[in-house]
1. Would a scan of the stretch 277-295 turn up a residue that is within 22 Å of V140 (Cβ to Cβ) and surrounded by fewer than 22 Cβ atoms within 10 Å (Cβ to Cβ)?
2. Which ones in the stretch 124-142 are assigned to a loop (DSSP other than H, G, I, E, B) and either in contact (Cβ under 8 Å) with a residue 40 or more places away in the chain or assigned by TED's automatic domain parsing to the domain that holds A247 (or both)?
3. So how many residues does the stretch 257-274 have that are touching a strand residue (DSSP E or B) at 6+ places or on another chain (Cβ under 6 Å), under 21 Å from L137 (Cα atoms) and surrounded by fewer than 16 Cβ atoms within 10 Å (Cβ to Cβ)?
4. Taking the stated definitions as given, is A217 surrounded by 21 or more Cβ atoms within 10 Å (Cβ to Cβ) and aliphatic (A, V, I, L, M)?
5. Regarding the stretch 236-245, can at least one residue be identified that is among the acidic types (D, E) and within 18 Å of K86 (Cα to Cα)?
6. Cβ contacts < 6 Å: first residue more than 19 Å from K211 (Cα to Cα) and of a type in the set (D, E), restricted to the stretch 87-103; second residue modelled with pLDDT under 95 and part of a helix (DSSP H, G or I), any location; separation 6+ or different chain. Result?
7. Of the numbered conditions (1) surrounded by fewer than 17 Cβ atoms within 10 Å (Cβ to Cβ); (2) not in a helix (DSSP H, G or I), D223 satisfies every one except a single condition; which is it?
Amino acid sequence: MPVSPIIRLGTRRSPLALAQAHEARARLCAAHEWDESAVELVPVVASGDRIQDRPLAEIGGKALWTRELDQWLVDGRIDIAVHSMKDVETIRPAEIAIAAILPRADKADRLLGAPSIAGIPQGARVGTSAPRRAAQLLHVRPDLEVVPIRGNVATRIAKLEAGEAHATFLAAAGLDRLGEDEVGVRLDPEDWLPAPAQAAIGIECRSDDAKVRDLLAAIDHADSHAEIRAERRLLEGLGGGCSSPIAALTQREGNRLHLRAAIYSADGSVRVEEAATFGDGDNNAPLELARKLLGSAPPEVVRLFDGLA
(Lines give C-alpha, C1' and ligand atoms only; values in the text may rest on other atoms or scores of the structure.)
Protein backbone atom coordinates (compact mmCIF):
# COMPACT_ATOMS: atom_id res chain seq x y z
CA MET A 1 0.00 0.00 0.00
CA PRO A 2 1.50 3.36 -0.97
CA VAL A 3 2.43 5.79 1.79
CA SER A 4 1.24 8.74 -0.30
CA PRO A 5 -0.93 8.99 -3.41
CA ILE A 6 0.66 8.27 -6.75
CA ILE A 7 -1.95 10.37 -8.59
CA ARG A 8 -3.96 13.38 -7.45
CA LEU A 9 -7.20 13.34 -9.45
CA GLY A 10 -9.10 16.60 -9.78
CA THR A 11 -12.87 16.57 -10.18
CA ARG A 12 -15.86 18.84 -9.87
CA ARG A 13 -17.92 18.35 -6.71
CA SER A 14 -21.25 17.45 -8.32
CA PRO A 15 -22.57 13.92 -7.63
CA LEU A 16 -22.18 12.95 -11.30
CA ALA A 17 -18.64 14.34 -11.53
CA LEU A 18 -17.68 12.41 -8.40
CA ALA A 19 -19.21 9.22 -9.80
CA GLN A 20 -17.09 9.69 -12.93
CA ALA A 21 -14.01 10.33 -10.82
CA HIS A 22 -14.62 7.12 -8.87
CA GLU A 23 -14.89 5.21 -12.16
CA ALA A 24 -11.62 6.71 -13.39
CA ARG A 25 -9.89 5.85 -10.11
CA ALA A 26 -11.21 2.28 -10.18
CA ARG A 27 -9.97 1.75 -13.74
CA LEU A 28 -6.55 3.19 -12.97
CA CYS A 29 -6.15 1.09 -9.85
CA ALA A 30 -7.28 -2.08 -11.66
CA ALA A 31 -4.93 -1.46 -14.59
CA HIS A 32 -1.89 -0.89 -12.39
CA GLU A 33 -2.81 -3.20 -9.48
CA TRP A 34 -2.83 -0.29 -7.06
CA ASP A 35 -4.66 0.07 -3.80
CA GLU A 36 -7.47 2.64 -4.01
CA SER A 37 -5.43 5.01 -1.83
CA ALA A 38 -2.95 5.40 -4.70
CA VAL A 39 -5.37 7.85 -6.36
CA GLU A 40 -6.44 10.79 -4.23
CA LEU A 41 -9.68 12.52 -5.27
CA VAL A 42 -9.36 16.31 -5.09
CA PRO A 43 -12.77 18.02 -5.42
CA VAL A 44 -12.71 21.51 -6.97
CA VAL A 45 -15.68 23.88 -7.17
CA ALA A 46 -16.26 24.89 -10.81
CA SER A 47 -17.76 28.23 -11.83
CA GLY A 48 -20.50 26.36 -13.69
CA ASP A 49 -21.60 24.73 -10.44
CA ARG A 50 -21.70 28.06 -8.59
CA ILE A 51 -23.76 29.90 -11.24
CA GLN A 52 -26.93 28.02 -12.12
CA ASP A 53 -29.50 30.72 -12.80
CA ARG A 54 -28.34 31.67 -16.32
CA PRO A 55 -27.54 29.80 -19.56
CA LEU A 56 -23.88 28.92 -20.04
CA ALA A 57 -23.68 30.97 -23.24
CA GLU A 58 -24.41 34.13 -21.23
CA ILE A 59 -21.75 33.63 -18.58
CA GLY A 60 -18.68 32.17 -20.23
CA GLY A 61 -19.60 28.94 -22.01
CA LYS A 62 -17.99 25.56 -21.47
CA ALA A 63 -14.92 27.11 -19.83
CA LEU A 64 -17.05 27.42 -16.68
CA TRP A 65 -16.74 23.64 -16.25
CA THR A 66 -12.99 23.47 -16.83
CA ARG A 67 -11.41 26.78 -15.76
CA GLU A 68 -10.60 25.90 -12.15
CA LEU A 69 -9.47 22.35 -12.90
CA ASP A 70 -7.27 23.65 -15.73
CA GLN A 71 -5.58 26.08 -13.37
CA TRP A 72 -5.04 23.49 -10.66
CA LEU A 73 -3.58 21.12 -13.27
CA VAL A 74 -1.20 23.69 -14.76
CA ASP A 75 -0.17 24.82 -11.26
CA GLY A 76 0.67 21.23 -10.30
CA ARG A 77 -1.87 20.99 -7.48
CA ILE A 78 -3.41 17.96 -9.25
CA ASP A 79 -1.92 15.47 -11.69
CA ILE A 80 -5.01 14.65 -13.75
CA ALA A 81 -8.52 16.03 -14.23
CA VAL A 82 -11.68 14.10 -15.10
CA HIS A 83 -14.35 15.66 -17.32
CA SER A 84 -17.57 14.92 -19.15
CA MET A 85 -16.17 15.43 -22.64
CA LYS A 86 -19.30 17.13 -23.97
CA ASP A 87 -18.57 19.94 -21.47
CA VAL A 88 -14.95 20.49 -22.55
CA GLU A 89 -14.10 23.38 -24.89
CA THR A 90 -13.03 22.33 -28.35
CA ILE A 91 -9.70 24.18 -28.25
CA ARG A 92 -7.69 23.27 -25.16
CA PRO A 93 -4.61 24.98 -23.69
CA ALA A 94 -1.33 23.73 -25.14
CA GLU A 95 -0.18 22.79 -21.64
CA ILE A 96 -3.01 20.26 -21.26
CA ALA A 97 -3.48 16.96 -23.09
CA ILE A 98 -6.52 14.68 -23.37
CA ALA A 99 -4.62 11.56 -22.40
CA ALA A 100 -7.41 9.01 -22.03
CA ILE A 101 -11.06 8.44 -22.92
CA LEU A 102 -12.87 5.78 -20.92
CA PRO A 103 -15.22 3.33 -22.69
CA ARG A 104 -18.13 5.41 -23.93
CA ALA A 105 -21.50 4.75 -22.31
CA ASP A 106 -25.03 5.10 -23.71
CA LYS A 107 -25.06 8.15 -26.00
CA ALA A 108 -28.83 8.65 -25.81
CA ASP A 109 -30.89 11.34 -24.12
CA ARG A 110 -33.78 10.43 -21.87
CA LEU A 111 -37.07 12.31 -21.73
CA LEU A 112 -38.57 12.89 -18.29
CA GLY A 113 -42.22 13.83 -17.76
CA ALA A 114 -43.74 12.36 -20.92
CA PRO A 115 -43.85 8.94 -22.64
CA SER A 116 -42.38 10.28 -25.90
CA ILE A 117 -41.74 13.50 -27.80
CA ALA A 118 -45.12 13.07 -29.50
CA GLY A 119 -46.70 12.42 -26.11
CA ILE A 120 -45.76 15.79 -24.62
CA PRO A 121 -49.04 17.73 -24.19
CA GLN A 122 -49.84 20.45 -26.72
CA GLY A 123 -48.30 23.78 -25.71
CA ALA A 124 -46.44 22.31 -22.72
CA ARG A 125 -43.32 23.87 -21.20
CA VAL A 126 -40.18 21.78 -21.71
CA GLY A 127 -37.15 22.64 -19.64
CA THR A 128 -33.70 22.73 -21.23
CA SER A 129 -30.84 25.20 -21.50
CA ALA A 130 -29.13 23.19 -24.25
CA PRO A 131 -29.51 24.83 -27.70
CA ARG A 132 -29.24 21.41 -29.35
CA ARG A 133 -32.13 19.93 -27.37
CA ALA A 134 -34.25 23.07 -27.74
CA ALA A 135 -33.76 23.23 -31.51
CA GLN A 136 -34.34 19.51 -32.03
CA LEU A 137 -37.50 19.67 -29.98
CA LEU A 138 -38.91 22.74 -31.72
CA HIS A 139 -38.08 21.24 -35.11
CA VAL A 140 -40.55 18.40 -34.51
CA ARG A 141 -42.85 20.13 -31.97
CA PRO A 142 -43.00 23.87 -32.72
CA ASP A 143 -46.11 24.12 -30.54
CA LEU A 144 -44.07 23.56 -27.37
CA GLU A 145 -42.51 26.23 -25.18
CA VAL A 146 -38.87 25.84 -24.19
CA VAL A 147 -37.98 27.23 -20.75
CA PRO A 148 -34.47 27.41 -19.29
CA ILE A 149 -33.54 24.85 -16.67
CA ARG A 150 -30.07 24.13 -15.29
CA GLY A 151 -28.53 22.31 -12.36
CA ASN A 152 -27.34 18.82 -11.57
CA VAL A 153 -29.51 15.75 -12.10
CA ALA A 154 -31.24 15.95 -8.71
CA THR A 155 -31.90 19.68 -9.11
CA ARG A 156 -33.46 19.26 -12.55
CA ILE A 157 -35.67 16.41 -11.40
CA ALA A 158 -36.77 18.52 -8.42
CA LYS A 159 -37.60 21.47 -10.71
CA LEU A 160 -39.66 19.16 -12.89
CA GLU A 161 -41.55 17.83 -9.86
CA ALA A 162 -42.12 21.40 -8.68
CA GLY A 163 -43.89 22.18 -11.95
CA GLU A 164 -41.32 24.56 -13.43
CA ALA A 165 -41.64 22.48 -16.61
CA HIS A 166 -43.85 19.64 -17.84
CA ALA A 167 -40.90 17.68 -19.25
CA THR A 168 -37.12 17.82 -19.52
CA PHE A 169 -34.14 15.91 -20.87
CA LEU A 170 -31.16 14.28 -19.20
CA ALA A 171 -28.29 12.25 -20.62
CA ALA A 172 -28.81 8.50 -20.23
CA ALA A 173 -25.12 8.00 -19.36
CA GLY A 174 -25.30 10.42 -16.46
CA LEU A 175 -28.43 8.83 -15.06
CA ASP A 176 -26.90 5.36 -15.40
CA ARG A 177 -23.72 6.44 -13.60
CA LEU A 178 -25.85 7.69 -10.72
CA GLY A 179 -27.80 4.44 -10.52
CA GLU A 180 -30.92 6.08 -11.98
CA ASP A 181 -31.23 3.72 -14.92
CA GLU A 182 -35.02 3.51 -14.62
CA VAL A 183 -35.55 7.28 -14.81
CA GLY A 184 -37.09 8.68 -17.99
CA VAL A 185 -37.76 7.29 -21.45
CA ARG A 186 -34.76 6.58 -23.67
CA LEU A 187 -34.78 8.44 -26.99
CA ASP A 188 -33.23 6.41 -29.80
CA PRO A 189 -30.04 8.28 -30.77
CA GLU A 190 -30.64 7.34 -34.41
CA ASP A 191 -33.76 9.53 -34.31
CA TRP A 192 -32.74 12.03 -31.63
CA LEU A 193 -29.07 12.75 -32.27
CA PRO A 194 -27.01 13.33 -29.11
CA ALA A 195 -24.54 16.10 -28.35
CA PRO A 196 -21.00 15.70 -29.69
CA ALA A 197 -18.88 13.74 -27.19
CA GLN A 198 -21.92 12.87 -25.04
CA ALA A 199 -21.46 9.90 -22.68
CA ALA A 200 -17.65 10.05 -22.76
CA ILE A 201 -15.43 10.53 -19.71
CA GLY A 202 -12.10 12.15 -20.54
CA ILE A 203 -8.96 12.38 -18.44
CA GLU A 204 -6.50 15.21 -18.95
CA CYS A 205 -2.98 15.75 -17.68
CA ARG A 206 -0.13 18.17 -18.29
CA SER A 207 1.18 17.77 -21.83
CA ASP A 208 4.76 17.46 -20.68
CA ASP A 209 4.07 14.89 -17.95
CA ALA A 210 5.30 11.76 -19.72
CA LYS A 211 5.02 9.57 -16.64
CA VAL A 212 1.35 10.33 -16.07
CA ARG A 213 0.57 10.06 -19.78
CA ASP A 214 2.04 6.55 -19.75
CA LEU A 215 -0.07 5.62 -16.72
CA LEU A 216 -3.23 6.91 -18.39
CA ALA A 217 -2.48 5.09 -21.65
CA ALA A 218 -3.35 1.85 -19.86
CA ILE A 219 -7.00 2.90 -19.50
CA ASP A 220 -7.47 4.73 -22.79
CA HIS A 221 -10.23 3.08 -24.83
CA ALA A 222 -9.05 3.40 -28.43
CA ASP A 223 -12.45 3.09 -30.16
CA SER A 224 -14.10 5.63 -27.86
CA HIS A 225 -11.14 7.99 -28.20
CA ALA A 226 -11.41 7.80 -31.99
CA GLU A 227 -15.10 8.74 -31.84
CA ILE A 228 -14.46 11.67 -29.51
CA ARG A 229 -11.54 12.88 -31.60
CA ALA A 230 -13.75 12.90 -34.70
CA GLU A 231 -16.67 14.66 -33.02
CA ARG A 232 -14.42 17.31 -31.47
CA ARG A 233 -12.78 17.84 -34.86
CA LEU A 234 -16.27 18.39 -36.29
CA LEU A 235 -16.90 21.00 -33.59
CA GLU A 236 -13.60 22.66 -34.47
CA GLY A 237 -14.63 22.86 -38.12
CA LEU A 238 -18.04 24.27 -37.27
CA GLY A 239 -16.69 26.76 -34.77
CA GLY A 240 -19.64 25.97 -32.56
CA GLY A 241 -20.04 27.21 -29.01
CA CYS A 242 -22.60 26.99 -26.24
CA SER A 243 -25.20 28.83 -28.34
CA SER A 244 -24.72 26.66 -31.44
CA PRO A 245 -27.29 23.86 -31.94
CA ILE A 246 -25.17 20.88 -33.01
CA ALA A 247 -26.06 17.18 -32.83
CA ALA A 248 -23.82 14.28 -33.82
CA LEU A 249 -23.73 10.49 -33.74
CA THR A 250 -20.69 8.35 -34.54
CA GLN A 251 -20.99 4.63 -35.18
CA ARG A 252 -18.21 2.19 -35.93
CA GLU A 253 -18.28 0.23 -39.18
CA GLY A 254 -15.33 -2.17 -38.96
CA ASN A 255 -12.20 -0.05 -38.91
CA ARG A 256 -14.08 3.03 -40.12
CA LEU A 257 -16.30 5.61 -38.47
CA HIS A 258 -19.68 6.81 -39.74
CA LEU A 259 -20.43 10.31 -38.46
CA ARG A 260 -23.88 11.87 -38.85
CA ALA A 261 -24.28 15.48 -37.86
CA ALA A 262 -27.05 18.06 -37.90
CA ILE A 263 -27.07 21.80 -37.27
CA TYR A 264 -30.15 23.92 -36.64
CA SER A 265 -31.47 27.42 -36.52
CA ALA A 266 -32.02 28.59 -32.95
CA ASP A 267 -35.80 28.16 -33.25
CA GLY A 268 -35.49 24.71 -34.82
CA SER A 269 -37.29 25.71 -38.01
CA VAL A 270 -34.23 24.87 -40.13
CA ARG A 271 -32.33 21.60 -39.94
CA VAL A 272 -29.30 20.65 -42.06
CA GLU A 273 -27.90 17.11 -41.88
CA GLU A 274 -24.87 15.55 -43.54
CA ALA A 275 -22.81 12.39 -42.97
CA ALA A 276 -19.36 11.01 -43.71
CA THR A 277 -17.55 7.67 -43.39
CA PHE A 278 -13.80 7.67 -42.84
CA GLY A 279 -10.87 5.90 -41.20
CA ASP A 280 -9.93 6.28 -37.53
CA GLY A 281 -6.95 8.49 -38.17
CA ASP A 282 -8.53 10.80 -40.74
CA ASN A 283 -8.61 14.20 -39.07
CA ASN A 284 -9.60 16.03 -42.26
CA ALA A 285 -12.87 14.20 -42.92
CA PRO A 286 -14.72 15.75 -39.94
CA LEU A 287 -13.51 19.19 -41.06
CA GLU A 288 -14.85 18.52 -44.55
CA LEU A 289 -18.14 17.41 -43.03
CA ALA A 290 -18.30 20.71 -41.12
CA ARG A 291 -17.66 22.65 -44.33
CA LYS A 292 -20.40 20.70 -46.07
CA LEU A 293 -22.89 21.44 -43.29
CA LEU A 294 -22.13 25.15 -43.26
CA GLY A 295 -22.09 25.29 -47.04
CA SER A 296 -25.60 23.81 -47.15
CA ALA A 297 -27.00 25.99 -44.38
CA PRO A 298 -28.92 29.26 -44.80
CA PRO A 299 -27.61 32.49 -43.23
CA GLU A 300 -29.76 32.21 -40.11
CA VAL A 301 -27.97 28.96 -39.26
CA VAL A 302 -24.46 29.92 -40.40
CA ARG A 303 -24.46 33.01 -38.18
CA LEU A 304 -24.63 30.74 -35.11
CA PHE A 305 -21.23 29.30 -36.04
CA ASP A 306 -17.74 30.59 -36.63
CA GLY A 307 -16.43 27.76 -38.75
CA LEU A 308 -14.48 27.11 -41.91
CA ALA A 309 -17.11 27.50 -44.63
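1. Taking the stretch 277-295 and keeping what is within 22 Å of V140 (Cβ to Cβ), we get 293.
When the remaining residues are screened for being surrounded by fewer than 22 Cβ atoms within 10 Å (Cβ to Cβ), the result is none.
No, there is no match, as no residue in the stretch 277-295 is within 22 Å of V140 (Cβ to Cβ) and surrounded by fewer than 22 Cβ atoms within 10 Å (Cβ to Cβ).
2. Filtering the stretch 124-142 down to residues assigned to a loop (DSSP other than H, G, I, E, B) leaves 124, 128-130, 141-142.
Matches in the stretch 124-142: A124, T128, S129, A130, P142.
3. 1
4. On the way: surrounded by 21 or more Cβ atoms within 10 Å (Cβ to Cβ): no; aliphatic (A, V, I, L, M): yes.
Criteria not met by A217.
5. Filtering the stretch 236-245 down to residues among the acidic types (D, E) leaves 236.
This time we only want the ones that are within 18 Å of K86 (Cα to Cα), so: 236.
Among the residues of the stretch 236-245, at least one is among the acidic types (D, E) and within 18 Å of K86 (Cα to Cα), which makes the answer yes.
6. Once the first residue is more than 19 Å from K211 (Cα to Cα) and of a type in the set (D, E) and sits in the stretch 87-103, its partners that are modelled with pLDDT under 95 and part of a helix (DSSP H, G or I) give D87/W65; E89/A63.
7. The number of the failed condition is (2).
Here's the yes/no breakdown for (1) assigned by TED's automatic domain parsing to the domain that holds K292; (2) of a type outside the set (S, T, Y); (3) buried (at least 16 other Cβ atoms within 10 Å of the Cβ):
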{"residue": "E182", "(1), (2), (3)": "no, yes, no"}
{"residue": "A195", "(1), (2), (3)": "no, yes, yes"}
{"residue": "D209", "(1), (2), (3)": "no, yes, yes"}
{"residue": "R213", "(1), (2), (3)": "no, yes, yes"}
{"residue": "G239", "(1), (2), (3)": "yes, yes, yes"}
{"residue": "A247", "(1), (2), (3)": "yes, yes, yes"}
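The values are calculated or read from the model by the stated rules, or taken from the named source; none is laboratory data. As the structure is a prediction and not an experimental result, all values here were calculated from the model. Note: ideal-geometry Cβ built from the backbone for every residue, glycine included; neighbour counts use all protein chains shown.
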